[in-house]
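I have placed the structure first, in the form of structure tokens, so that the comments after it can refer back to it.
Since every read-out is calculated from the coordinates, none of them should be taken as a lab result. The shown structure was predicted, so the numbers you read here are calculated from the model rather than taken from an experiment. Neighbour counts run over all protein chains shown; Cβ positions are idealised from the backbone, glycine included.
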Amino acid sequence: MAAKSVTLSTSGKVRRVAVVGGGLAGLMTTIKLCEAGVPVDLFSLVPVKRSHSVCAQGGINASVNTKGEGDSPQVHLEETVYGGDFLANQPPVKGMADAAPGIVFMLDRMGVPFNRTPEGLLDFRRFGGTLFHRTAFAGATTGQQLLYALDEQVRRFETIDFEDDKGRTIPGERMVRKFEFWDFLSLVQDDAGITRGVVVQDVKSMEIRAFPADAVCLATGGPGIVFGRSTNSVINTGTAASAVYQQGACYANGECIQVHPTAIPGADKLRLISESARGEGGRVWVPKDPKEQRRGRDVPEKDRDYFLEDKYPGYGNLVPRDIASRELFLKCFHQHAGVYNAKSGKNENEVYLDLTHLPKDALRKKLAGILEIYEKFVGEDPYENPMRVFPAVHYSMGGLWVDFEKGPDGGLVKGSPRNQSTNLEGLYAAGEVDYQYHGANRLGANSLLSCIYAGMVTGPAMATYRSNLSRSSWDMPSGLFEKAERREREKYEAILKMDGDENPYRIHEELGNMMLLDVTIERHNDKLDKVLANIEELDARTRKVGVTDTSGHSNQGTAFVRHLQNMLVLARVIAQGARNRDESRGAHFKPEFPERDDVNWQRTTMALHAKGGGAKGHDGINYVRELDYSLAGQKIHVTDAIDISLVKPRPRKYETAGAASAAATGDIKKTDDAKPATAAT
Amino acid sequence: MAKTITLKVQRQDSGDRPETKRWEEFAVEWHPRMNVISALMEIRKNPVTSSGKTVAPVVWESVCLEEVCGSCTMIVNGKVRQSCTALIDQLSPNGETVTLQPMSKFPLVRDLVVDRSRMFKDLKTVKAWIQLDGTHELGPGPRQSQENQEEAYPLSRCMTCGCCLEACPQVNEHSSFIGPAAINQVRLFNLHPSGKMHAGERLETIMGAGGIADCGKAQNCVEVCPKEIPLVDSIAVMGRETTKHLLFGWLLK
């Protein structure tokens with residue numbers, strides 16, 4: 001039986017829910033909750049306006065068909081599923097593709113300064129894995145503009161008072177209470193395993209506090225920092241996902257890590273150069289002569305090797321990221337044909353990404369944001385010189401396992417509490433932290449979309465869950481929350497007391513280098529075995545770190561030790577998942593097993609944490625083929641089988657134009673954009 | 001011996017403990033493509049000062065490291081800027097010492113971290129949002145000319161980093177001046193076809209004490225803005241709009 005009032009607990013408290021993470025997914029979830037009348041406590045490690053969504057550059061996909069090419073949500077669905085090498089459940093992807101045009105229109109209404117056509121309509125550009133102009137964009141800082149738009153709407157809800165079910169407002173009780181600079185530590189769970197709130201730490205005062213919540217959404221992004229340097233922001237350690245995994249949440253397809261083909265190497269970060277550079281006509285090449293001495297701009301056309309265009313005439317420079325990254329890796333690592341550096345006398349791990357043949361004015365209007373980054377960090381003018389780039393870890397397709405309820409149209413049942421629910425009752429996940437939409441490889445410009453769509457689904461799902469909840473978390477005994485606080489305080493005190501001689505940042509550097517080398521583009525089982533053994537060694541060394549900062553105020557060092565502990569747990573999930581999956585699918589590539597194996601591996605990797613379950617008593621992983629979980633009194637049984645009810649799996653080939661979609665004719669009209677090699681022929 | 005870079009960092013344990021304010025020097029081995037952040041990251045791996053004292057790692061704020069999040073603002077060699085784009089080879093071509101200080105116009109938290117929450121509060125004050133009817137499907141948004149988009153887009157890139165407030169002489173402990181960033185937001189939202197419908201309301205938020213009239217026209221803001229937002233133009237445009245609103249706004253009521 002549901003609680004008496006949907007909005008107030010029996011003891012008269014406002015029944016708030018919690019959203020952790022303030023990127024696109026967290027903010028969209030928050031807005032949907034507020035619109036459903038559910039007040040939210042929003043926690044974020046940094047001011048939400050600085051979340052990692054801000055880094056997204058190229059744009060957001062929606063089949064609006066502005067260019068009259070015959071694009072449709074059906075084609076978007078097919079290309080997304082094909083691009084992901086048939087590892088994604090298809091109903092959520094359909095829901096996303098169908099909702100996409102509405103999402104972009106909503107963002108436009110919120111004031112996102114999208115680029116325009118001469119008629120004043122939204123402009124769209126090309127991206128990888130499709131032949132259509134499907135990507136709406138605001139210069140080359142689309143993620144920033146989208147994040148700001150949602151941030152502004154959430155800020156508006158910070159000024160609006162909560163209203164109970166009788167329509168009475170409670171002055172001063174705002175719809176959104178924002179807690180910025182709070183680090184997620186763990187969930188509060190009751191004896192039945194139901195999520196009752198969150199334990200978080202104020203990273204300034206270091207106060208540890210438990211907050212009750214009738215439901216919790218984790219929207220904490222990906223784990224890119226497990227790989228040391230990546231295109232990710234420094235906050236993307238995956239610590240929150242790891243923490244709930246250790247509390248019993250299932251982690252799915254951890255091995256599916258996207259490596260983006262074009263980034264600028266750097267000492268602190270590998271900075272992304274968006275796929276939109278190629279979408280606007282940029283070409284990838286290396287000199288035909290591996291000892292070419294001339295500068296890139298001086299190498300004549302006949303001496304250039306446009307290796308993507310040659311090998312993939314259908315999609316050219318816009319093949320999906322996993323394929324482009326493998327080809328770049330092949331050129332540089334195996335053929336040693338990267339750009340020659342006369343000073344060092346060796347071929348660098350770099351290829352040219354060339355925009356110099358394109359009109360400067362158009363580049364400025366559409367790509368200034370990324371060209372500025374290149375100019376500032378490399379000190380070369382990309383309007384005049386081909387850029388030098390190399391692949392970098394970019395995105396995790398894998399993440400917390402979440403459920404969905406399929407509707408009669410093949411998409412999702414709107415408002416079903418199963419949508420985006422993890423296997424921990426009352427815990428939802430949305431955004432890069434979930435595993436739902438991209439299979440084994442994500443198409444460019446689908447991430448902003450999946451974040452926002454997941455938020456649009458999660459908000460209503462949590463609202464339904466809250467109304468079905470028989471006892472509000474706000475009526476739970478205070479002892480439950482005090483106990484959770486005590487548990488986390490003890491862990492924190494233990495870190496503060498660590499006085500070994502290891503440095504956590506150096507351990508992290510070693511972890512990153514190892515993961516980067518052996519768990520990215522090419523994976524070999526013997527090397528993965530070594531990585532797994534090394535993870536245990538690093539784990540053991542992490543127990544012996546010394547904390548040189550004992551301050552009770554803004555103590556970043558101790559927080560980092562916690563993040564490192566959690567990163568090691570996820571590193572194990574990623575590497576073991578890769579070790580197990582003996583096939584090649586999307587971003588997961590094993591030269592020993594070069595083919596996709598649908599008979600054995602067309603299924604979701606589902607990992608559960610096994611505390612102390614490893615070979616030598618260290619933590620292990622329990623892989624399961626099915627799972628039972630409960631949701632508001634209902635027992636739900638799920639398996640690792642993939643729902644392929646909408647698009648039948650077939651081999652994935654990008655050599656031929658239009659191969660990614662059966663519905664697409666491949667008969668795309670040439671537009672006025674300069675795209676010599678990528679137009680369909 | 002490998003080339004080293006000297007970083008001189010102004011530190012303080014917390015805002016309420018001014019007695020802990022001090023300078024510490026660190027020698028860091030040079031590496032290619034080094035920036036202030038990668039130098040600070042090296043210090044974390046070996047938090048020992050030039051005089052051999054083991055200390056707590058330097059505390060600073062950073063997120064994206066590509067000058068789009070606004071986190072890592074500090075004063076580098078006396079100039080306020082984002083520290084991720086502060087390249088060591090440019091700051092110290094001949095091994096000059098690089099100095100790092102926290103911004104001075106915001107309450108200090110610790111070392112290089114300051115509290116910029118007032119800037120986010122100001123975004124509430126000026127109602128920097130579109131009054132959306134809801135996120136349900138309501139069809140396409142209003143059409144906009146390319147010209148309008150090209151005027152709005154540069155304004156929309158403000159990262160709330162605080163550089164303009166730090167550089168503004170009118171922002172100080174004796175004034176309540178809201179500063180250029182928030183005024184620029186009023187211009188941005190008043191440009192949007194639906195934002196325009198509430199233009200007057202927004203203008204009124206910058207017409208009172210601490211509002212646009214407090215600008216002293218020093219023009220430092222536009223000099224330091226890492227995103228080259230035309231802040232002086234925004235203040236001038238909003239100056240005209242507020243005057244118009246003051247004189248004729250009542251006619252529209």
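A few remarks follow.
- Point-to-point label distance, A:Asn600-B:Gln219, nm (Cα→Cβ direction, 7 Å offset): 7.1
- A protection proxy built from the mean count of other Cβ atoms within 10 Å ranks the segments B:110-118, A:122-130, B:89-97, A:374-382, most packed first, as A:122-130, B:110-118, A:374-382, B:89-97.
- The loop-placed trypsin sites (Lys or Arg not before Pro) in region A:449-531, going by DSSP, that have at most 13 neighbouring Cβ atoms within 10 Å of their Cβ come out as A:Lys497.
- In range of the label at A:Lys166: residues from region A:7-50 whose backbone nitrogen is under 15 Å from the point 7 Å along Cα→Cβ: A:7-14
- Packing, as the average of other Cβ atoms within 10 Å across residues, places the peptides B:147-154, A:419-426 in the order A:419-426, B:147-154, highest first.
- Gyration tensor verdict on region A:450-540 (Cα atoms; rounded if a/c is under 1.5, prolate if a/b is larger than b/c, oblate otherwise): oblate
- Tilt relative to chain A, helix A:142-157 - C-alpha long axis, 0 to 90 degrees, to 10: 20
- The helix-based estimate of mean residue ellipticity at 222 nm for chain B, built from -39,500 (n - 2.57) per DSSP H run of four or more residues and divided by its residue count, is -9500 deg cm²/dmol to the nearest 500.
- Principal-axis analysis of the Cα atoms of chain A puts helix A:478-496 at an angle of about 50° to the longest axis.
- Mean separation of Cα contacts under 8 Å (6+ apart) over length of region A:1-125, as relative contact order %: 16
- Counting beta carbons within 10 Å around each of A:Asp191, A:Asp298, A:Asp303, A:Asp619 and listing the fewest first gives the order A:Asp191, A:Asp298, A:Asp303, A:Asp619.
- Relative contact order of region B:4-114: 33 percent, from C-alpha pairs under 8 Å at least 6 residues apart in sequence.
- The value of relative contact order for chain A, using C-alpha pairs under 8 Å at least six residues apart, is 21 percent.
- Estimated FRET transfer efficiency (A:Tyr383, B:Gln90; beta-carbon r; R0 22 Å; 0.05): 0.60
- Global form of chain A, assessed from the alpha-carbon gyration tensor, a/c cut-off 1.5: prolate
- Calculated [θ] (222 nm, deg cm²/dmol) that DSSP helices of n ≥ 4 give over chain A, each run adding -39,500 (n - 2.57): -10000 deg cm²/dmol
- Residue mean of other protein chain beta carbons inside 10 Å, B:142-155: 5
- Coil-residue GluC sites (Glu not before Pro) of region A:60-155, DSSP, other Cβ within 10 Å capped at 15: A:Glu119
- Among A:200-211, A:634-645, B:41-52, the peptide with the highest mean count of other Cβ atoms within 10 Å heads the list, and the full ranking is A:200-211, B:41-52, A:634-645.
- Cross-link pairs beyond the 25 Å C-alpha cut-off, checked among A:Lys497/B:Lys105; A:Lys291/A:Lys590; A:Lys32/B:Lys124; A:Lys204/A:Lys483; A:Lys178/B:Lys124: A:Lys497/B:Lys105; A:Lys291/A:Lys590
- Hits among lysines - C-alpha to C-alpha of A:Lys360 under 19 Å, sequence gap 8 or more where chains match: A:Lys376, A:Lys675
- Between helix A:24-35 and chain A: long-axis angle, C-alpha atoms, 0 to 90°, nearest 10: 40
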